Amino acid sequence: MEETYLLNYPGVKKKILAGGKGPLPHFPPGTKLVFHFQTLLDNFERTVIDDSRLADRPAEIFVGRMFKMEIWEPMLMSMRVGEVAEFWCDAIHTGLYPIVSKGMRLIAQGKDPLEGQKHMCGMGNLFHYHSTGFPELDEIMRNPQPLIFIMELLQVGDPMSYHRESWMMEKDEKLQMVPVLHMQGNVLVKQKQFREAASKYKEAVLLLKTVQSREMPGDVDYINLGRMIVPLELNYCQCMLELEEYYEVIEHTTELLEKHKDCVKGYYKRAKAHAAVWNEKEARRDFNMVAELDITLAALVRRELKALSERMKVKYSEEKEQYWNMLENMEGNSKEEEEEIHDEEKKKRDKEREKKQSNDDLESSTTATKAGEKNGSAEIKCVEKEESGEEKVTPSEGFKEEENSSVVKLYACDKIEGKDWQQMLRLVMLLQNKGNFLIKEQRFQEASAKFKEALEYVDFLQNKQVDQHGEDWESLEKVRLPLSLNLSQCMLELKQYQAVVELNGRLLKSHKGRICWCEK
């Protein structure tokens, strides 16, 4: 067919490629237009830039809603349903096409077309970021040029035949929709469909906030809209309480109370949410605010606080039992490991003693024989066996007292030397946790024993395992500090004041200039 010019739109040529069906449709504001399009460069190859059919979904625009490609609206309104037409558009109509194309491509990829944009117009974003991210679109942006659009109008929808999004509604339409949504939410609450009711209340709140954003803060209309939002927000929070979405309730009520500090129901719902997630301090604060703002609710607040105290007692008791069982299990496992290592070391020492004893016996008998021939006197070692079955060496007069004391110290350290440094560190942390727990139980004698045992491990690691000028030694010193402080506290409670003075005297030599407090 012959080329025609669109009336009142210079720089646009239309060519009908396939005729449509029926008369030209009526296009009132809000009419939904569903169509496929193909974009081509005006060159010899007619290079294809975009094709909506490749995205497996047609494009949509709404009449009168200021689509960025303004020329597309009159182009589609000149077509019948099913018609295919080719439009040649001059560069004055295609300047914004790179922005439109980028948005459609991102939508087709399942991405947000506004992600990363600043709050400015579309052209401003292009100049700010210098690129659309697509080379062919950047070329069109750098060199504005005519484009060819091949359109196929698929469907013309009735404005009232589909759910209209809030951005498509006028102010009056939004305000008329709010009470309808409010009523629908109330009906759903009675049916105990709290999730669906919450969505109705939330939609109504969004409509009111959209209208409020266009008003001047402080004006009468702005204040009235804010008051209309309050009951909807409270109803939404009540639904979230029923659904046990407690943190959602805390977030929304906090935002509400920042604007309406005298909202009693807001404090009450937030208190219930805090109580449900064991925030005892915050719950008590909000319940007390309820009683302060409305004295008639004092009895209700007392009941709620009493119930909260009972629930917290039960929780503390359960946690205490659970924590104690966990400590016992950890201690039991560590004792089993300790016993296994001790048994292995004991067997090893027994074998060494037997070997050494046999050698000593042989040497003693030989020496005694030789000495009997010469002087008739001999010095032998006596070995006594106790009831436990362990061998005890009785030193002769030739043994020195210092040697005997070193042997005793060696056997005292066997329990520690039987473990590697990782096992010792685990035991230190276990003993510290158990000691802290015993302090809370006011069992100071038992707690001090735990801290002393832990300090023995720390002493051994610092003296035997690490360099005294290295980072490991400093780390162990940080472990020693709370153990020593808590041990001092136990000794204070047990009235062992001299021991406290000695212990803290040593501690202050290592930590000069620090103010130390006991950690419980």
Open item on the list: If a residue must be open to solvent by 100 Å² or more (accessible area, probe 1.4 Å), β-branched (Val, Ile, Thr) and at pLDDT 70 or above, how many such residues does the range 461-520 contain?
Closed with: 0
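Quick grid of which residues meet (1) closer than 30 Å to Leu430 by Cα; (2) at pLDDT below 80; (3) surrounded by fewer than 16 Cβ atoms within 10 Å (Cβ to Cβ); (4) hydrophobic (A, V, I, L, M, F, W, C):
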site: Phe287; (1), (2), (3), (4): no, no, no, yes
site: Leu297; (1), (2), (3), (4): no, no, no, yes
site: Met312; (1), (2), (3), (4): yes, no, yes, yes
site: Tyr316; (1), (2), (3), (4): yes, yes, yes, no
site: Gln322; (1), (2), (3), (4): yes, yes, yes, no
site: Met326; (1), (2), (3), (4): yes, yes, yes, yes
site: Glu340; (1), (2), (3), (4): yes, yes, yes, no
site: Arg349; (1), (2), (3), (4): yes, yes, yes, no
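Rundown of residues vs (1) crowded, with 16+ Cβ neighbours inside 10 Å; (2) modelled with pLDDT of 95 or more; (3) within 30 Å of Glu310 (Cα to Cα), yes/no style:
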| residue | (1), (2), (3) |
| --- | --- |
| Lys202 | yes, no, no |
| Arg214 | no, no, no |
| Arg227 | no, no, no |
| Glu251 | no, no, yes |
| Glu258 | no, no, no |
| Asp262 | no, no, yes |
| His274 | yes, no, yes |
| Val277 | no, no, yes |
| Arg284 | yes, no, yes |
Open item on the list: What pairs come out if I take residues in the range 474-486 that are charged (D, E, K, R) and pair them with residues that are in a helix (DSSP H, G or I) whose C-beta lies under 7 Å away, six or more apart or interchain?
Closed with: Glu477/Ser510; Arg480/Leu455; Arg480/Val458
- [ ] Determine whether the range 215-224 contains at least one residue that is in contact (Cβ under 8 Å) with a residue 24 or more places away in the chain and charged (D, E, K, R).
- [x] no
- [ ] Note down all Cβ pairs under 8 Å where the first residue falls in the range 233-262 and is over 14 Å from Ala197 (Cα atoms), the second is open to solvent by 50 Å² or more (accessible area, probe 1.4 Å), and they're at least six residues apart or on different chains.
- [x] Val249/Lys272; Asp262/Leu293
Open item on the list: Condition check: out of contact with any His (no Cβ under 7 Å at 6 or more places or on another chain) and more than 26 Å from Asn143 (Cα to Cα). Does Leu41 satisfy that?
Closed with: no
Open item on the list: Condition check: at positive phi and among the charged types (D, E, K, R). Does Glu244 satisfy that?
Closed with: yes
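The values are calculated or read from the model by the stated rules, or taken from the named source; none is laboratory data. Since the structure is predicted, the reported quantities are computational estimates derived from the model, not experimental observations. Note that each Cβ is placed from the backbone with ideal geometry, even for glycine, and that neighbours are counted across all protein chains shown. Accessible surface areas use protein heavy atoms only, side chains included; no ligands, DNA or RNA. Shrake-Rupley method; radii C 1.70, N 1.55, O 1.52, S 1.80 Å.
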